[in-house]
Every structure is written in C-alpha cells, then in structure tokens.
Amino acid sequence: MWVLALALLFAFGSDADFNALASPVAIMVTALTTAVLCFRRSSRSRGRRRRAWLLLGVAGLIGLSANVLSALIGNDSLSEIGLLLALVVGVAAMVSFPNQALDRPQLVRTLLDGIVVGGSVLFVSALIVFPDITNEESAWDVARLVSIALPVMDAVLATFAVLLIMRSVGPDRIPLVLVGMSFVIYAVADISYAVGESSGGFQFGSVVDLGWVLGYALIGVAACHPAGSGTAVTGRGDATEEREGSPVAGTVVTFCLFIAAAVVQIQGSLAVISGLAIALWFMVITAVAVRQISLVVANERLRRDLEVRVEERTEELADLTRTTQLTLTSVGEGIYGVDREGVITFVNPAGARSLGLRPENLVGLHAHDQLHAVQDDGTPFPYAGCYIHEAIDQGVTVNSEEDLYRRADGALIPVEVTASPVVDDGRVTGAVVVFRDVTQRREIDRMKSEFISVISHELRTPLTSIKGAIGLVAGGATGDIAPEARRLLGIAGDSVDRLTRLINDILEVERLGSGADPLELIDVPLEKVVRSAVEQTEALATQADITIEVEDVPGIVTADVDRIVQTLVNLIGNAVKFTERGGRVTVGARPTGVFLEVAVRDTGRGIPLDRLESIFGRFEQVDSSDAREKGGTGLGLAISRNIVSRHGGRIWAESTPGVGSTFLFTLPSAEIPVSPQLD
C-alpha cells in the first residue's frame, strides 16, 4: 500500500523537501519488512530454497544498513560498498533459488550470459552517459571503482535473474519471476541514480525512489507466495507435463529490457549527445545483441541435437542390453562370467537353477572354490589347473571339459564345460563359462557301456574257439588242405584277430571309464616316458618312411608310466598313419603352470576345425574311409582322453588343414605339487 501511496505522493505532491525525506524512510521501511518476510519464509522452507531466502534476507539487511549509514553520516562511498556487498549476496541467493541445483556448465553459462548482456549494455552506455568514468585524467580510487562495479553487478544480477526465470518450470516460476523482476527494477533505478549523479547530483524524492521501493516490495510479495518454499501448488497444473524454458527467449527478453533501460537513461542527455553518437550507440548495442542471441541459438540447437543423439544412443544400448539379457535368460544351458580374479560377475537363471541357488547369491563368490567338487581325499583341486584359470591366464578357449559341480544341497552333478576368455582391447579381462548338466547322458553312456561290455565278454569265448579251430585246421589237424583253402583260413584268422583287438579296446574303455583299473602313480622323468613310446612306434615309422624327432622334454611328472606310454603310442601311431611318406613327426614338451604340456606334431593332411573335438569320441574318425584305408577301431583317442583325464590333465587337438595337426595333453608336474584325480 505504501508503494501506491508513494507513487501518488510523487505524482501530486508539491513539497520537494517532504518528498526527499519520505523517500529514504519508505525505502528503509520496505527493506526491513522484506528482510523480515524473507527470514520468515526461510524458517518454513527446506534445502536450497531455505538457503536462498536466508541470503535474500541478509542482502536486504545489508542494503538497509547501507542506506541508514548514508543517511546518518552522509558517506556515499561506504553506502555504495554496502550495496555492492548486498548485490553479491543477492547473486548467491539467486543461484540457490531453483529447487534443482544447476549443474556447473549450466551455472557458468548463465552467469556468463549475465556478464555479457549486462556488461555490454553498461559499457556502451558508460561511454555515452558516463564519459567521466573512462576519463584517464580522473583519479582511480575506491569510490570510483565502487561506482563502476555497482551498476555492473546490478546488470549481472538482473540478467541472471531474468535468465533463470526463462529457464524455470512449474510453480517455481511465480516467486522467481517476482524476485527476478525486483532485481531488474532495482537495476534500472540504480542506473538512473548513476545518471543523476553524473549529471550534477542526485536528489531523493523522484520516481527513481519508487523503483527501489518496488524492488524491495516484490521480493516481499514473493516471500509470501504459497510456492515460495519450493513446494508444488496443488490444484493446478498437475496433469500437464512441465517443459524446460528456452534460454533463447531469456536472452532476447533480457536484451530488450536493458535496451529499454538504456534508452530511458539517455533521454535526459539528448541535448549533449550528438545524433551520430546515438546512431553509433544503437548500432553497437544491436550488433552485440544479435551476436549474443545468434550464439545462444546455435548453442541451443547444438545442445538439443546432442540430447537427441544421446537419447537415441541410450535407447539403442538399452535395446541391446535387453536383447542380451533375454538371450541369457532364455538359453537352457548354464552361463556365468568371472573377472580376472575368478570371481563370479553374473550368472543366468538356468545356471543358477542347476546349482540350486539364486543368481544374486552366486555373484561375488569365487567360481572355482564355490562350484568345483573336491578330490577323493577331501582336498580341493588347485586353481592353477582349472580351465577358468587357463582361459584367463593363457587366453585359451577350453572346449568340452568334463567336471563335477557341487550344488547348494551338497549333491554333485556332472557337467560339460566350455570356458572362453573375455578380451577387451587385446587384454583378457575375465572369462565366460558355459556348462550343461550331463547327468542323463552319463546314465545313457553307462547303460551303453554295460551293454557293450556284456556283449564283448560274450563274444570273447566263441572268438577264442574260432581262433583255435582255425589254427588246428591250418596246422593240418584235419589233413592236408588246398592252397586256396589255406588262403581263406588266413583271412579268417586275420579277421578274428581284428575283432579280438576291437573287443579288447572296448573293454579297455569300459575299465578306464568305470575306474576298475587303478592308476599306479610314480614320479618319472617325462623324457624317459617319451623315449619309451618312440621306441615302440619306430618300426611303424620306418616302414612308412616317416621320421620321428624328439625335442626338448624337460621335467618330472607324476603318472602311471604304462598308461602314458599307451597314450603316446596312440598319438604317435595316428600321426605316422596320417602323414605322407617322407614326412616328419615331432614330440616335445614344455612347462605350463603346475603342469607339463606334451605335444605331438605331424605334417599330415590336417583335421577340419569342426572335427577337432568330436574325434575324441568313441568310434570316431576324421573320415569314414579311414577305417578301411588306415585301419584302427576309432577308440584310441577316446582311451587317451580317459587316461589323461584320470591323471588330472586334459587333451585337445589343433590343426591347420593341409599343413598338419598337433595333439596336446597335460600332466601334473612332480616338481610343483598338484594332485591328480585318484581312483
């Protein structure tokens, strides 16, 4: 009400002395009332808004103190310093006013907009309205610096407030508009005060005083608004989606306000300013405005384009993540991932169900310690010999490894495992393990083995009788036989021998698979084992014109010598059979962790990549014609895998078709303790 009363007094009052006395009193009363209202609102607010109202109240008290100081002692310099401090506190209050804190780039951009807009207008205005400010002959003292800083801070604060208004949303905009407009009006009043001072002295009792009063009053009204505490106003706008304000609009509005303020400033100085200077002033200020607006438009367009691109990319990544998650969830085999330390990072539902746990209960556990069954003597298998460690440490993919996993209820399940390294930018960061429960397959294999074993045993008796009968006839027990009959008896005898070897191999596989034939483990130099196997295959190699070379074979292994020699004879014999005349077979070894790795290389025709795993199955050969041309039962590699597995190692093949093949297997080193799988 006193704002209206003061306006009527200025409009119709005739006593200039009374107006000059009433104006400062009205300003101080309004400032005190506004400060009290700000402190009252601060006590009812929370968070950032509480701090903002507190700072506005402090700024009001500082401004009031500056006005009182000026009225009591008449020191305008101290008063202006106080007002400058109040403006600085006001900037801090405006920064805290939005409920959601501005991020640092947005805050810096808004402050710079305020400095560019307000500073540009004030600089051009100063050259025209305040030529003494830039006069080099004038003394540069504290009073002069304050007189320059005060309108600059006014302009920056007002511009910052307007930009926040244009970028605000929802109920926050109403109190922010009131506070922002108060600073704009206050800035115009301060600039008008500066114009009066530069034109010969300012006297209270003019319309300019009304700007200060109105500026304080608007802040007080904002403090009384229902949304002043930062809470939403109920009953309106709840169903509408809030939209971000436009920084372009804010910049345009700010420039328009300050151009209008500048026009008001120079109205009283038209008599002393030439038309050319006024035209130059408008040209410069317009150019600055257009340039700033164009920069804001370009930045806003770039920002929105980047937001769209980020949103699209985020949606693509979200779709990819969903697809990957659905794949892991839908697949029937167990899949889990580990980091470089072997700790589980994820597991799919099928894998968790197989292990009797929830996925979240497995994440963070060490896979080797949690999942692997212990050895027969109750001690855990060493991690250094685990396929997970090999995938991570050596970067190799381990296919169709057989293992026993321990469920949460203590039950053991046989699994077939494939472990692959996860490589990121040439560096192994972990491994992915795929496993499947082969309990049913093991049961089928057991029934099949039992059937084959029974049949084989039943066949051995008649074969022995047939072999004996053929021998008697061929030896003349029934009298002389014709040459053709003798030839036929020879074919029959060879067929009986081949069938006997087949039956023996079948029974060998059955014994090894059932564990009926225990291993006789001793520590033995690996080179001695290799030399023994080479001696047994040298005659076959000489007959085929193949050279067998033994490379460096270091170390001592813990092994059943006869069984490992049998494995090497199988591998070297296959290498000789499938290498062309004049070729070469090489046998060597090297240490790898707690194992020694044996390699048998040939220069034969090679093996197709899709057959490198299946050839270790029973009755499997690379080509169906091999049984006829090269001989063999197709059980040698199956027997070799069983022998190596029982020693705690693994066997696999590598090949380049047309160049040759390499069969490799590992044995525990006696020099680095590691327990094999005992029977």
Report yes if ARG498 is at pLDDT 75 or above and either assigned by TED's automatic domain parsing to the domain that holds LEU463 or of a type in the set (S, T, N, Q) (or both), otherwise no.
yes
Criterion violated by VAL415 - all others in (1) in a loop (DSSP other than H, G, I, E, B); (2) surrounded by 15 or more Cβ atoms within 10 Å (Cβ to Cβ) satisfied
(1)
Which of the following residues is within 48 Å of the chain's Cα centre (by Cα) and farther than 21 Å from VAL396 by Cβ: LEU540, LEU596, LEU568?
LEU568
Please give the number of the condition VAL25 fails out of (1) of a type in the set (Val, Ile, Thr); (2) modelled with pLDDT under 80; (3) farther than 24 Å from ALA161 by Cα.
(2)
Give me the residue from the stretch 594-608 that is more than 22 Å from ASN642 (Cα to Cα) and either part of a strand (DSSP E or B) or not hydroxyl-bearing (Ser, Thr, Tyr) (or both) and, out of that set, modelled with the highest pLDDT.
ASP602
If you go through the stretch 330-361, how many residues are assigned to a loop (DSSP other than H, G, I, E, B) and over 22 Å from GLY395 (Cβ atoms)?
7
Every residue from the stretch 580-593 that is in contact (Cβ under 8 Å) with a residue 60 or more places away in the chain and not small (Gly, Ala, Ser)
PRO591, THR592
Given (1) surrounded by 18 or more Cβ atoms within 10 Å (Cβ to Cβ); (2) aliphatic (A, V, I, L, M); (3) free of Cβ contacts under 8 Å to residues at least 40 places away in the same chain, index of the condition ILE607 fails:
(3)
Tell me, which residue of the stretch 523-546 that is surrounded by 14 or more Cβ atoms within 10 Å (Cβ to Cβ) and of a type in the set (Val, Ile, Thr) is farthest from THR666 (Cα to Cα)?
ILE546
Return only the number of the condition from (1) assigned by TED's automatic domain parsing to the domain that holds LEU463; (2) within 51 Å of the chain's Cα centre (by Cα); (3) polar (S, T, N, Q) that THR558 does not satisfy.
(1)
Please verify whether the stretch 342-355 includes one or more residues that are in contact with a Gly (Cβ under 9 Å, 6 or more places away or on another chain), modelled with pLDDT of 90 or more and within 26 Å of PRO668 (Cβ to Cβ).
yes
Candidate set: the stretch 453-476, residues that are without any contact (Cβ under 8 Å) to a residue 40 or more places away in the chain and in contact with a Ser or Thr (Cβ under 9 Å, 6 or more places away or on another chain); chosen: the one farthest from VAL509 (Cα to Cα):
LEU472
Every residue from the stretch 547-567 that is within 19 Å of LEU664 (Cβ to Cβ) and of a type in the set (Ser, Thr, Tyr):
THR558, THR567
Kindly provide the set of residues from the stretch 643-675 that are part of a helix (DSSP H, G or I), farther than 22 Å from THR397 by Cβ and not basic (Lys, Arg), ordered by number.
ILE643
Matching residues in the stretch 564-620 - criterion: being aromatic (Phe, Trp, Tyr) and touching a Lys or Arg at 6+ places or on another chain (Cβ under 7 Å)
PHE578, PHE616
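Within the stretch 362-383, can you find the residues that are in a helix (DSSP H, G or I) and surrounded by 15 or more Cβ atoms within 10 Å (Cβ to Cβ)?
Across the stretch 362-383, the qualifying residues are LEU362, ALA367, HIS368, GLN370, LEU371, TYR383.
The values are calculated or read from the model by the stated rules, or taken from the named source; none is laboratory data. Not measured: the values here are computed from a predicted model. Cβ: placed from backbone, ideal geometry, glycine included. Neighbour counts: every protein chain shown.
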